[in-house]
1. Would you check which residues across the stretch 298-349 are small (Gly, Ala, Ser) and touching a residue at least 60 places away in the same chain (Cβ under 8 Å) and list them?
2. Would you please name the residue that is farthest from residue 235 (Cα to Cα), looking only at residues in the stretch 492-521 that are free of Cβ contacts under 8 Å to residues at least 60 places away in the same chain and in a loop (DSSP other than H, G, I, E, B)?
3. Hey, could you check the stretch 102-128 for residues that are farther than 10 Å from residue 430 by Cβ and aromatic (Phe, Trp, Tyr) and say which is modelled with the highest pLDDT?
4. Within the stretch 203-223, work out how many residues are without any contact (Cβ under 8 Å) to a residue 24 or more places away in the chain and assigned to a loop (DSSP other than H, G, I, E, B).
5. Do we have residue 461 as modelled with pLDDT of 95 or more, in a helix (DSSP H, G or I) and surrounded by 14 or more Cβ atoms within 10 Å (Cβ to Cβ) here?
6. Would you confirm whether or not the stretch 305-314 contains a residue that is of a type in the set (D, E, K, R), in contact with a helix residue (DSSP H, G or I) (Cβ under 9 Å, 6 or more places away or on another chain), within 30 Å of residue 173 (Cα to Cα) and not in a helix (DSSP H, G or I)?
7. Considering only the stretch 41-134, give the helices (runs of 4 or more DSSP H) lying wholly within it that have at least 3 residues that are among the small types (Gly, Ala, Ser).
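The values are calculated or read from the model by the stated rules, or taken from the named source; none is laboratory data. Keep in mind that what you see is a predicted model, and the values were worked out from it rather than measured. All Cβ positions, glycine included, derive from the backbone under ideal geometry; neighbour counts span all protein chains shown.
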Amino acid sequence: MNYIDYLIIITYIVAFLFLGRLFKGSSTSQDYFLGSKSFGWLPLSFSTIATQLSAISFVSAPAFVGLKQGGGMMWLTFEFAVPLAMIFLMVFLIPPMYQAGIISVYEYLEKRFNTTTRVLLSGVFQISRAFGTSVMIYAIALILGSVMDFPMWATILIIGVVTLVYSFQGGMKAVVYGDVIQMCILLVGIVICLFAGIQAVGGWDEFLANVDQSRLQAVNFGSLGLEKGDEFGFWPMLIGGFFLYASYYGTDQSQVQRLFSAQNAGTVKQTLLVNGLMRFPITFTYCLMGLVIGTLAITNAGFLASIPTDKPDLMIPIFIRDFLPHGVIGILMVAIFSAAMSSMSSAINSLSAATVEDFFNRKKDLPNEKYVAYSQYAVLFWGIVCIVLAFFTGDIAKTVIEAINKIGSVFYGPILATFIAAIALKKVNAMGANIGLLTGVAVNVYLWLFVPDLFWFWWNAVGAVVTLVTGLAISWVTQKASPATPYPLAGTWAVDWPKVLILLAFFVLIVLFSMQVEWLF
């Protein structure tokens, strides 16, 4: 890197500090956490996808596809369940919660069940999200520090402090519009890397002649995820993925808060539709980028030697450093910064929303001035927590990143089942819901510890089923009716059949396309 690259990075940082001041001045909870419900579907869609397309995805997924042992285009199977999950959210899960006019998604559970359910799930979200965000910051700082002449501690502070400042000042508006900018930068970075990789490998024909054929198979119908090493099969990725994505997009505060910020029900539906359609093309593009640059590593001994054998995630940053001109290097380093900052800004804003709503304003008695002050203090608190934790993540980061994905699958299914019970199963009472939730989590922990051969994607489905069955059984035994609630228990939106059919058709299309990937090359 030279002065041009550093100038680009500095300009980017200053611009985002200005972004926070631009949206400074929120006076109510609706302003600070929901952006006054002023967002259209386009910024909300870009913001959601930007959070999903994290910095770790930008560097780790391509490395998995192109270089990591046992990797390949099976990464595409992560996307199969997304359109189906969007249909479920659009038709069933989101309507009653959006109509309730809430800020914290966990507030719905208190009105339907009791305070214990709300506080329990909100606490789990806050602890896991803070820890996961700190790991992400550490991992990206480690990667950037490996390819830039920049101390890792300084990279952590740059990512953390800049994100904290603009999130603190501008609230949800700064987060969403910042995500839009960061998403555009990241997409440009992926495209640049893809075409630069094709040029470096000697052209498209040279890439086709040298690509590792074993990495091209994307769909495996024979793998059921019941044995060790038997992963990424069609059925576990589809069924487990459905429960995972329905829970993440529909019950995780960091994602649902965006839907609650939508102008109206039509905006919510359009946002879900766009999310269901946009993820796969973007994922395929960065997987193809990984395949191309991985092929370059195979055919270029010098490049391969520069990538530490125990750190294949450095493939993309080292490629950027060694094969691209100055100026472009700065832009692509900004792209990695962007992805990290997008994930962190969403995390600390949603963490502060959950903290204030679920622990300080449960009775809705905070005046606006005090509410905004508490909200900013919570943003400051969680931002500092994430930054400090990032310094202590240390050498365990590689293990923790994998562990965090598994931890998510321990909780996602039971949490989703609790919301399904709240909305659709009136016979489930508070005791049934709470015991069902704990039982579902306990079963998943048991599978993790004592059934290691079972692919962890299955935990999402198993935990949901166990939670529902247990909740119904306990409620039947106790025969205690659920309390009356002022919130709608079922959505009154008309089913948008054109959007549903588009998502169903897209699901079939991406599966058929993925089945043909190995024939495309």
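1. The first filter runs over the stretch 298-349 and keeps only residues small (Gly, Ala, Ser), leaving 301-302, 305-306, 327, 330, 335, 338-340, 342-343, 345-347.
Within the stretch 298-349, 327, 330, 335, 338, 339, 340, 342, 343, 345, 346, 347 meet the criteria.
2. Per the criteria, the residue is 494.
3. At the first step, the residues of the stretch 102-128 found to be farther than 10 Å from residue 430 by Cβ are 102-108, 111, 118-128.
In the following step, the residues that additionally are aromatic (Phe, Trp, Tyr) were identified as 106, 108, 125.
On the way: 106: 92, 108: 89, 125: 86.
Of everything passing the filter in the stretch 102-128, 106 is modelled with the highest pLDDT.
4. Looking only at that region, the number is 4.
5. Numbers: modelled with pLDDT of 95 or more: yes; in a helix (DSSP H, G or I): yes; surrounded by 14 or more Cβ atoms within 10 Å (Cβ to Cβ): yes.
Considered against the rule, which asks whether it is modelled with pLDDT of 95 or more, in a helix (DSSP H, G or I) and surrounded by 14 or more Cβ atoms within 10 Å (Cβ to Cβ), residue 461 comes out as yes.
6. No, the stretch 305-314 contains no residue that is of a type in the set (D, E, K, R), in contact with a helix residue (DSSP H, G or I) (Cβ under 9 Å, 6 or more places away or on another chain), within 30 Å of residue 173 (Cα to Cα) and not in a helix (DSSP H, G or I).
7. Values: elements: 41-52, 55-66, 82-88, 94-99, 107-112.
By residue number, 41-52, 55-66.
This table checks each residue for (1) surrounded by fewer than 23 Cβ atoms within 10 Å (Cβ to Cβ); (2) over 16 Å from the mean Cα position of the chain (by Cα); (3) at pLDDT 85 or above.
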| position | (1), (2), (3) |
| --- | --- |
| 40 | yes, yes, yes |
| 47 | no, no, no |
| 57 | yes, no, no |
| 68 | yes, yes, yes |
| 74 | no, yes, yes |
| 78 | yes, no, yes |
| 81 | no, no, yes |
